[in-house]
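Participant: Shown below is the structure under consideration.
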Amino acid sequence: DPAADDDTASEETQDDDTEATGAAGERDLTLEVGTVLPQTGALAFLGPPEEAGVLLAEKHINDADMGITVNVTLGDSGDPDNRAYATTVPQLLNAGVNVIVGAASSGVSKLFIDEVVAADTLMISPANTAPEFTDWEDNDLYWRTAPSDLLQGEVLGNLIASDGVVNLGIIYLNDAYGTGLEAQLTETFEAANGTIVASESYNAGDTTFDAQISSVMAQNPDAIALITFEEATTIIPALDAAGFDTGSLYFVDGNLSNYGDEFDAGLLEGSKGTQPGPDLGDDFRGELNDVWTAAGNDELEDWNYAAESYDAVMLSALAALAADSVEGPDMAAKMQEVSGGTGGGEKVSDFAEAAQIIVDGGVVDYDGPSGPITFDENGDPTEATIGIFEYDGNNELVRQN
């Protein structure tokens, strides 16, 4: 029984009153991390930065050599259409992973979260934002490092209102992500005395959006908010062809990407969007690129949720150290503590420093590149930054805050 062995080792170590210089010897853990992130499907552009974040965390933790080794197995989530997750998740669980990082899509996570919970495995999503996960029956095994869309929807609604938009049209994906964000955007925009003149949904897998575009355009909106995934690459040219000013679009994290040469220069200039997460800084981006290209990949083009993915692995490793166990329920019992959610921990952002505090018997409050995090009892981060971006003449994003 590995758990029993861990307990015995812990008791012996406490009796030995080990010096701090040898404190890392108090832990000898191997954390198997499996990812269920989008290598294919409608969110495939999010896969590279998210996987890079996981790989960088693996490198930093293993380089620290503080009594825990992380092994990462990358797996594809796909989307509800191609159902790659239906193969990936059972493979990872059968292989005995301790933590699943994913999915990116709230709609995909809904389809396998119960399977992971039933296996007593810790699940941390770096990008799920659907409000319904807050109250999910998850035995405290589900956590997320991205904030609920209640926050992003509020920021987006206020941004659109502050830009002077009076009549807003919305085109949104009919899934957990799209409906939750559309509802919060609508509530916030209307509270700011704006009017939603049309709000049209589409279903995952749809390839034409003429009906939705015609319905929204018929109401002459000042601006249109697109709550979509990669379908935006089809919707944007169609809106342009229909005569809409594509500099008056608003994007969300599911489609906020650098479109570069994908569209004619200037097509998106002036359009804006929101994305959870702080400015990563050149050093962190450089490290992400290095670990990603070292794995044989092309350089990263997007950075969405890289920091949240990195912090998901960091927090699970710190929880494992705090619990002296890689069992799902044991780590789950320490997740709120190591994020600072229970109060009283020593603030730290460096893994080696945090690990040393833990093995010396202290409590840490980990703040990572994605922000303070600070989990509540539902596994939601209580502190988050929502970035505001604007497209330049090259259809590239420029952060505004």
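Participant: Taking only DSSP H segments of four or more residues, each worth -39500 (n - 2.57), what value at 222 nm results for the chain once the sum is divided by all its residues, to the nearest 500 deg cm²/dmol? Intermediate values should be presented prior to the final figure.
Facilitator: Numbers: 12 runs with 155 residues, N = 401.
Taken over the chain, the calculation gives -12000 deg cm²/dmol.
Participant: How many nm separate the modelled label positions at E377 and E132, each set 7 Å beyond the Cα in the direction of the Cβ?
Facilitator: Rounded to a tenth, the inter-label distance reads 2.4 nm.
Participant: Using the heavy atoms of the protein chains alone and a 1.4 angstrom probe, what is the accessible area of the chain per residue in square angstrom? Write down the numbers at each step before the final one.
Facilitator: Numbers: 15600 Å² over 401 residues.
It amounts to 39 Å² per residue over the chain.
Participant: Still on this structure, I have one more. Out of the total accessible area of the chain (probe 1.4 Å, heavy atoms of protein only), what percent is carbon and sulfur? The partial results should precede the final answer.
Facilitator: On the way: 6390 of 15600 Å².
Answer for the chain: carbon and sulfur cover 41 percent of the accessible area.
Participant: Cut-off under 30 Å on the C-alpha distance; same-chain residues fewer than 8 positions from K272 excluded. Which lysines are left, in chain and number order?
Facilitator: K110
Participant: Can you find, among L31, P126, G361, the residue farthest towards the positive end of the dipole of the chain? Put +1 on the C-beta of Lys and Arg, -1 on that of Asp and Glu.
Facilitator: P126
Participant: Test of understanding: what is the full-extension gain from T385 to D290, defined as 0.36 nm times their sequence separation minus their Cα-Cα distance?
Facilitator: Between T385 and D290, full extension yields an extra 31.7 nm.
Participant: For segment 299-349, what relative contact order do you get, as a whole percent, if you take Cα pairs closer than 8 Å and at least 6 residues apart? Display every interim value, and only then the final one.
Facilitator: On the way: 30 pairs, mean separation 12.4, N = 51.
Once normalised by length, the contact order is 24 percent.
Participant: Report, ordered by chain and residue number, the lysines lying within cross-link reach of K347, taken as a straight Cα distance under 24 Å and ignoring same-chain residues fewer than 8 apart.
Facilitator: Qualifying lysines at Cα under 24 Å: K59, K334.
Participant: Moving on. Determine the gain in length on full extension of the stretch D279-D65; use 0.36 nm per residue of separation and subtract their C-alpha separation, reporting nm with one decimal. The partial results should precede the final answer.
Facilitator: Numbers: separation 214, 0.36 × 214 = 77.04 nm, distance 2.86 nm.
Length gained between D279 and D65: 74.2 nm.
Participant: Using the Cα centre of segment 274-393 as the reference point, and only Cβ charges (+1 on K/R, -1 on D/E), how large is the resulting charge dipole? Debye, rounded to the nearest 20.
Facilitator: Values: 3 positive and 27 negative charges, 72 e Å.
Rounded to the nearest 20 debye, it is 340 debye.
Participant: How many percent of all Cα-Cα pairs in segment 125-167 sit more than 12 Å apart?
Facilitator: Working: 589 of 903 pairs.
Roughly 65 percent, once rounded to a whole number.
Participant: Averaging sequence separations of C-alpha pairs under 8 Å and six or more residues apart, then dividing by the length of the chain, give the relative contact order as a whole percent.
Facilitator: Numbers: 869 pairs, mean separation 78.8, N = 401.
That works out to 20 percent.
Participant: Given R₀ = 30 Å, what would the calculated FRET efficiency be for D240 paired with D120, taking r from the Cβ atoms and rounding to 0.05? Mind dumping the intermediate values first?
Facilitator: Values: r = 50 Å, r/R0 = 1.67.
So the FRET efficiency works out to roughly 0.05.
Participant: Next question, about the same structure. Can you give the Rg and Dmax of segment 215-371 based on its C-alpha atoms, in angstrom?
Facilitator: Considering segment 215-371 through its Cα atoms, Rg and Dmax are 21.2, 66 Å.
Participant: Projecting each Cα onto the charge dipole of segment 194-327 (Lys/Arg +1, Asp/Glu -1 at the beta carbon, about the Cα centre), which of F251, A306, S316 comes out farthest on the positive side?
Facilitator: Going by the charge dipole, the pick is F251.
Participant: Tally Lys/Arg at +1 and Asp/Glu at -1 over every other residue whose Cβ is under 9 Å from the Cβ of G273; what's the total?
Facilitator: On the way: positive: K272; negative: D253, E390.
That works out to -1.
Participant: Something else about it: Calculate the length of the line joining the C-alpha centroid of segment 53-108 to that of segment 367-386, in whole Å.
Facilitator: Between the Cα centre of segment 53-108 and that of segment 367-386, the gap is 20 Å.
Participant: Here is a follow-up. Kindly report, to the nearest 10 Å², the accessible surface of E58 as traced by a 1.4 Å probe over protein heavy atoms only.
Facilitator: About 40 Å², rounded to the nearest 10.
Participant: Then there is this: So what's segment 321-401 giving for Rg/Rh, alpha carbon basis, Kirkwood Rh from the mean inverse pair distance? Could the numbers behind the result be given before it?
Facilitator: Numbers: Rg = 16.6 Å, Rh = 14.4 Å.
Value, to two decimals: 1.16.
Participant: If the elastic network links every pair of Cα atoms under 10 Å, which of D302, D380, D65 fluctuates the most in the Gaussian network model of the chain?
Facilitator: Taking springs between Cα atoms under 10 Å, the residue moving most is D65.
Participant: Separate question: Quick check: convex hull of the Cα atoms in the chain, volume per residue, rounded to a whole Å³? Intermediate values should be presented prior to the final figure.
Facilitator: Numbers: hull volume 50.4 nm³, N = 401.
Looking at the chain, the number lands at 126 Å³ per residue.
Participant: Rounded to the nearest 20 Debye, what is the dipole magnitude of the chain about its Cα centre when Lys and Arg each give +1 and Asp and Glu each give -1 at the C-beta? Write out the running numbers ahead of the final one.
Facilitator: Numbers: 10 positive and 77 negative charges, 277 e Å.
Once rounded to the nearest 20, the dipole reads 1320 debye.
Participant: Can you tell me the dipole magnitude for segment 277-323 around its Cα centre, using point charges on the Cβ only (Lys, Arg +1; Asp, Glu -1), in Debye to the nearest 20? Please report the intermediate quantities before stating the final value.
Facilitator: Details: 1 positive and 11 negative charges, 67 e Å.
Approximately 320 debye in magnitude.
Participant: Multiply the residue separation of E190 and D140 by 0.36 nm, subtract the distance between their alpha-carbon atoms, and state the gained length in nm to one decimal. Display every interim value, and only then the final one.
Facilitator: Values: separation 50, 0.36 × 50 = 18.00 nm, distance 3.50 nm.
Value of the extension gain: 14.5 nm.
The values are calculated or read from the model by the stated rules, or taken from the named source; none is laboratory data. Here the structure is a predicted model, which is why all the values come from computation and not from measurement. Please note: Cβ atoms are built from the backbone with ideal geometry, for glycine as well, and neighbour counts cover all protein chains shown. Areas reflect the complete protein model, heavy atoms only, side chains present, ligands, DNA and RNA absent. Shrake-Rupley method; radii C 1.70, N 1.55, O 1.52, S 1.80 Å.
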